[in-house]
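K.L.:
Pasting a structure below so you can have a look.
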There are 2 protein chains.
Amino acid sequence: MSYFDAASAAPLHPVAREALSASLDDGWADPARLYKEGRRARLLLDAAREAAADAVGCRPDELVFTSSGTRAVHTGIAGALAGRRRVGRHLIVSAVEHSSVLHSAEAFEAEGGTVHRVPVTRTGAVAVESYADALRPDTALACLQSANHEVGTEQPVGAVAGLCRESGVPLLVDAAQSLGWARVEGPWSLLTASAHKWGGPAGVGLLAVRKGVRFAPLGPSDERESGRAAGFENIPAIVAAAASLRAVRSQAAAEAVRLRELTARIRARVGAVVPDVEVVGDPERRLPGIVTFSCLYVDGEALLHELDREGFSVSSGSSCTSSTLTPSHVLRAMGVLSEGNVRVSLPAGAAVEDVERFLAVLPGAVAGVREKLGAPAVPAQAPVADAHGDALVVDALGKRCPIPVIELAKVIGDVPVGGTVRVLSDDEAARLDIPAWCEMREQEYVGEEPADRGTAYLVRRLS
Amino acid sequence: MSYFDAASAAPLHPVAREALSASLDDGWADPARLYKEGRRARLLLDAAREAAADAVGCRPDELVFTSSGTRAVHTGIAGALAGRRRVGRHLIVSAVEHSSVLHSAEAFEAEGGTVHRVPVTRTGAVAVESYADALRPDTALACLQSANHEVGTEQPVGAVAGLCRESGVPLLVDAAQSLGWARVEGPWSLLTASAHKWGGPAGVGLLAVRKGVRFAPLGPSDERESGRAAGFENIPAIVAAAASLRAVRSQAAAEAVRLRELTARIRARVGAVVPDVEVVGDPERRLPGIVTFSCLYVDGEALLHELDREGFSVSSGSSCTSSTLTPSHVLRAMGVLSEGNVRVSLPAGAAVEDVERFLAVLPGAVAGVREKLGAPAVPAQAPVADAHGDALVVDALGKRCPIPVIELAKVIGDVPVGGTVRVLSDDEAARLDIPAWCEMREQEYVGEEPADRGTAYLVRRLS
């Protein structure tokens, strides 16, 4: 088996396992108690906080342990917004944040707040100027991930943090994907992370709030974790999280070089071994272990299933693998192809042989899915198309990704150069994937307009 | 060592440790993923939910795992209140609930809700009629613990649940102290519990919401745990929690009998071996492992320290062991003595020899503390007392529990029968402990009145 989905959850690091087992004996009691078992638990908790704070680059009393990275984000954003309620009710996030950040923003909007979503380039990065433009006198908080979880693109957090500091606005950095690799540099105000992303156990998130940052925890709280994370502390898991972070960091520099070579190899080869592939994300400013690509005319879920059968565990931002029938918000914000999307995120220690085998297996897996779907590479008759004014009409209503794009590709040769194809679709993915197909195929995307049912997407044949 | 504080946190059960270790290999991946590792994690999670739901007595799809019992309570109360917002904004809780319930109630009040706190008898139990009286047409939710965490008194949850059902009001039962012993009977609507109370690991709470109960989770949420517990599931800990609950339950009937005998022995003997002790809580309707008593003229923290030196880990509801300088809200609601309070909560498997040694050690520990404080049993000169009208005045301003009561006890013999002593105190514990002393000593507590500084407590000598 080759588990290539470390960006979702990394397998437990051996140091985490060892620390967890060892601290089950000494870390189960209530650290707020004064008796022997409580004092032992408190010592473990304090030592873990020291170690984790050192890795984060903050003071121990600025760091609390939450029950997950998601909880750290929810608490961090809500607390920072409440702490600066008098300043205003304006929140800035990037369009490609983790869902925990975006869900927090939606909850804030539901309560009457205003959210500005900063767009990204086609590589998934925000421009520093976009944050500069977004800052307002009533901005209570800005959020920016250190690096993107779906495409690996690193964000200019240092520069954005500097900008925010100049404006007196706190910046919350979601460092979930990067904290195992390095500290987040720059004058950030709040930072969140999740232990199971670096090989720590589930059940531990980090929330750092710099001294001087106004912070007002919401809802019921208790005296634990400075009033910022209610409920009995999970000390064995916290100890394991801190120990594994330290262990992972000690190998990070060398392992980053190694993984970066492996993902660079995938980036370079995938287009050569699989036709009609778009590799997405920044080729340089990126996390070491993540590479993401999308395959035209491919059903993401079917491809994941094929790869799983071959022993590869990867994830996808395609709409066909989600319950919402919409493509990943990250791919949408980037404006790149979402169909047949695959994210490979290598865990530390991933073997070069497994990566080579992945590259060997992938072409067959993609071809198999395409064949089943009747993709254009396979000789097949174009479906019946009716005329609509001057345009050839493809009725793909009721068809899900990637069928609308496949039907478009099949008929584009049937219209003369300069002629148009009108694709009718009620699949949300078509809105992203038809323009993306045009860009890949160098055809002109004219635009969309409402149709009797669904939406009509207009494409002009250029070549 | 003898750890007698299981009501705070039980040591990890061997079955929990084994299940935790075993599921670290198969339970680390994201259960929402479709690949092999994800499917394995999902299977573990589903099996744990089945087992836990069986122990709770609900359907698996009614049960979610939270990150702690506290989180289960916070989410359960907030969600049930929000789900019935249209019915009204009235919440009923007992005065002796766990702080997580009371903190939720305070948060609800801060948002404009109304909270009715049901009083308890001197044994710590609510009367069913008090809940009947408290129910209103706009009552959104009622809460009642299955048994009290500080004194062990069982509450009439079945009867109160029936009453609430008749009125169409959901009842949330905090079963943290009792779920390891048995299911909660009766038509409750929501139930919460905490795994580390029964020997499961930290980091796992249970929240059951019966089908048909209106429930609206607040704040940002995600697709995990039916939208009721955001963040990556801690599957190894959840598996360990469910396995240990099953294991504990299989021994519960026999162990309950054994522990009940041990706590009955403490109840019966403590008054014989230590003078001036009040055993609190219901002698019959109580949890098997908890016994609580208070010692006159004793500083709770000093006594805990003495007992810790002797190898006994217990807790206390005395004000002198808390950071707030107020006695436990449970002891206050019961109107019993809070000074020198000791809660013994035996873990499963507690040895009879350790209990006997506790009873052997306790008298010396109490006597030592009393001697240091100059308690009345020790020959000592009464402090100077001024006249105030007809009353003898004891100035205990600036003195903390148990000093005000000690000074009162020292001078009561200096006034004639029928005469009064006026104790000036600014210690919050005096408000509870001076009346409690009067009850124990069969003197008349006349009442309190504001003084130039602090409060004046009037006591009339009767014998």
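K.L.:
Looking only at other chains, what is the average number of their beta-carbon atoms within 10 angstrom of each beta-carbon in B:199-206? Let's see the in-between values first.
P.N.:
Values: counts 1, 0, 8, 16, 14, 4, 3, 0.
For this peptide, the per-residue mean of nearby foreign Cβ atoms is 6.
K.L.:
Follow-up. Ordering B:K399, B:K211 by how much accessible area each has at a 1.4 Å probe, largest first, what is the list? Before the final figure, lay out each step's value.
P.N.:
On the way: B:K399 80, B:K211 110 Å².
In descending accessible area the options line up as B:K211, B:K399.
K.L.:
How far apart are the B:E50 label points across copies, placing each 7 Å from Cα toward Cβ, in nm, shortest first?
P.N.:
4.7
K.L.:
Where in the range B:169-187 does the label zone of B:R285 land, with the point 7 angstrom along Cα→C-beta and an amide N cut-off under 19 Å?
P.N.:
From the range B:169-187, the list is B:171-179, B:181-187.
K.L.:
What GluC sites (Glu not before Pro) in the range A:285-357 are in a loop by DSSP, with at most 10 other Cβ atoms within 10 Å of the Cβ? Don't jump to the answer; show the numbers that get you there.
P.N.:
Working: sites: A:E301, A:E306, A:E310, A:E339, A:E353, A:E356; in loops: A:E310, A:E339.
Loop-located and lightly packed - none at all.
K.L.:
Then there's this: Hey, if you put +1 on the Cβ of every Lys and Arg and -1 on every Asp and Glu Cβ in the range B:386-460, which of B:I403, B:V417, B:G447 ends up farthest toward the positive end of that dipole?
P.N.:
B:I403
K.L.:
Counting only other chains, and only Cβ atoms inside 10 Å, what mean value do you get across the residues of B:308-318?
P.N.:
3
K.L.:
Taking the range B:95-173 on its own, what percent of its Cα-Cα pair distances exceed 19 Å? Before the final figure, lay out each step's value.
P.N.:
On the way: 1014 of 3081 pairs.
Value for the range B:95-173: 33 percent of Cα pairs lie more than 19 Å apart.
K.L.:
Another question, then. Please give the contour-minus-distance gain from B:L218 to B:D390: 0.36 nm per residue of separation, less the Cα-Cα distance, rounded to one decimal in nm. Write down the numbers at each step before the final one.
P.N.:
Working: separation 172, 0.36 × 172 = 61.92 nm, distance 5.93 nm.
Length gained, B:L218 through B:D390: 56.0 nm.
K.L.:
What distance in nm separates the simple spin-label points at B:E261 and A:S463, each placed 7 Å from Cα in the Cβ direction?
P.N.:
Roughly 9.0 nm, to one decimal.
K.L.:
Additional query: Could you tell me which residue out of B:S167, B:F232, B:L190 lies farthest along the dipole of the range B:2-248 toward its positive end? Charges go on the beta carbon: Lys and Arg +1, Asp and Glu -1, centred on the Cα centre.
P.N.:
B:S167
K.L.:
What share of all Cα pairs of chain A, in percent, falls into each consecutive 20 Å distance bin?
P.N.:
24, 49, 24, 3, 0
K.L.:
Here is a follow-up. So for the range B:386-460, what are the equivalent ellipsoid semi-axes in whole Å, largest first, each being the square root of 5 times an eigenvalue of the Cα gyration tensor? Can you show the working numbers first?
P.N.:
Details: eigenvalues 54, 39, 23 Å².
Taking √(5λ) for each eigenvalue gives 16, 14, 11 Å, largest first.
K.L.:
So, one more: Sort A:288-296, B:56-64 by the packing proxy (mean of other Cβ within 10 Å over each peptide's residues), most packed first. The partial results should precede the final answer.
P.N.:
On the way: A:288-296: 26.8, B:56-64: 18.1.
The peptides rank, most packed first, as A:288-296, B:56-64.
K.L.:
While we're here: Measuring from label point to label point, each 7 Å out along Cα→Cβ, what is the B:S167 to B:R86 span in nm?
P.N.:
It works out to 2.1 nm between the two label points.
K.L.:
While we're here: Which whole number gives the average, over all residues in B:226-234, of C-beta atoms from other chains lying within 10 Å of the residue C-beta?
P.N.:
Numbers: counts 0, 0, 0, 4, 10, 14, 15, 3, 9.
Mean inter-chain Cβ contacts per residue within 10 Å come to 6.
K.L.:
Output the peptides B:202-209, A:175-182 sorted from most to least packed, where packing is the average of other Cβ atoms within 10 Å over each peptide's residues. Write out the running numbers ahead of the final one.
P.N.:
Values: B:202-209: 30.2, A:175-182: 25.1.
Output ranking for B:202-209, A:175-182: B:202-209, A:175-182.
K.L.:
Related question: Place a +1 charge on the Cβ of each Lys and Arg in chain B and a -1 charge on the Cβ of each Asp and Glu, then give the dipole magnitude about the Cα centre in debye, rounded to the nearest 20.
P.N.:
Details: 48 positive and 58 negative charges, 294 e Å.
I would put it at about 1420 debye.
K.L.:
Lys/Arg Cβ at +1, Asp/Glu Cβ at -1, dipole of the range A:252-373 taken about the Cα centre: which of A:V352, A:Y297, A:G311 is farthest positive-ward?
P.N.:
A:V352
K.L.:
Say a label goes 7 Å from Cα toward Cβ at A:E356 in every copy; what distances in nm does this one have to the rest, shortest first?
P.N.:
Distances to the matching label points in the other copies: 7.2 nm.
K.L.:
Can you name the residue in chain A whose Cβ lies closest to the A-to-B rotation axis, and give that gap in whole Å?
P.N.:
Residue plus distance in Å, as requested: A:S67, 2.
K.L.:
Let me ask something else. Treat every Asp and Glu Cβ in the range B:251-373 as -1 and every Lys and Arg Cβ as +1, leave all other atoms uncharged, and give the resulting dipole magnitude about the Cα centre to the nearest 20 debye. Can you show the working numbers first?
P.N.:
Numbers: 13 positive and 16 negative charges, 57 e Å.
So the dipole magnitude of the range B:251-373 works out to roughly 280 debye.
K.L.:
Also: If every alpha-carbon in the range B:251-373 counts as one equal scatterer, what log10 I(q)/I(0) does Debye give at q = 0.17 1/Å?
P.N.:
Log10 of I(q)/I(0), two decimals: -0.83.
K.L.:
Residue by residue through the range B:31-45, which ³J(HN,Hα) values in whole Hz follow from phi under the Karplus form 6.51 cos²θ - 1.76 cosθ + 1.60 (θ = phi - 60°), with glycine and proline marked x?
P.N.:
For the range B:31-45, the Karplus curve yields x, 7, 8, 9, 6, 3, 5, x, 5, 4, 4, 4, 4, 4, 5 Hz.
K.L.:
May I pose another question? Calculate the spin-label point distance for B:L34 paired with A:E371, positioning each point 7 Å from the Cα along the beta-carbon direction, and give it in nanometres.
P.N.:
Taking the simple label geometry, A:E371 and B:L34 are separated by 2.0 nm.
K.L.:
With equal scatterers on the alpha carbons only and no solvent term, can you work out the Debye log10 of I(q)/I(0) for the protein assembly as shown at 0.05, 0.09 1/Å?
P.N.:
At q = 0.05, 0.09 Å⁻¹ the computed log10 ratios are -0.35, -0.98.
K.L.:
Can you list the distances in nanometres, one decimal and ascending, from the B:K211 label point to the identical position in each other copy, with the point 7 Å along Cα to Cβ?
P.N.:
In ascending order, 5.6 nm.
K.L.:
Given the Cα-Cα distance of B:R309 and B:R59 and 0.36 nm per residue of separation, how much length would full extension add, in nm? Walk me through the numbers before you get to the answer.
P.N.:
Details: separation 250, 0.36 × 250 = 90.00 nm, distance 4.70 nm.
So the chain would gain 85.3 nm between B:R309 and B:R59.
K.L.:
Something else about it: In whole Å, how far is the Cα centre of the range B:246-322 from that of the range A:7-34?
P.N.:
Computed from Cα coordinates, the inter-centre distance equals 30 Å.
K.L.:
Provide, for the protein assembly as shown, the number of lysine pairs with alpha carbons under 18 Å apart, each pair being eight or more places apart or on different chains.
P.N.:
On the way: A:K372/A:K399; A:K372/A:K410; A:K399/A:K410; B:K372/B:K399; B:K372/B:K410; B:K399/B:K410.
Within the protein assembly as shown, the lysine pair count is 6.
K.L.:
Would you please calculate the Kirkwood hydrodynamic radius of the range B:1-64 over all C-alpha pairs and express it in Å, rounded to one decimal?
P.N.:
Mean inverse Cα-Cα distance, inverted, gives 13.7 Å.
K.L.:
Loop only per DSSP, at most 16 neighbouring Cβ atoms within 10 Å: give me the trypsin sites (Lys or Arg not before Pro) in the range B:278-372, ordered by residue number. Display every interim value, and only then the final one.
P.N.:
Working: sites: B:R285, B:R286, B:R309, B:R332, B:R343, B:R357, B:R370, B:K372; in loops: B:R285.
Hits after loop and neighbour filter: B:R285.
The values are calculated or read from the model by the stated rules, or taken from the named source; none is laboratory data. A quick note: this is a predicted structure, and the numbers were derived from the prediction, not measured. No Cβ is skipped: glycine too gets one built from the backbone with ideal geometry, and neighbour counts run over all protein chains shown. Just the protein is used for accessible areas: all its heavy atoms, side chains included, with ligands, DNA and RNA removed. Shrake-Rupley method; radii C 1.70, N 1.55, O 1.52, S 1.80 Å.
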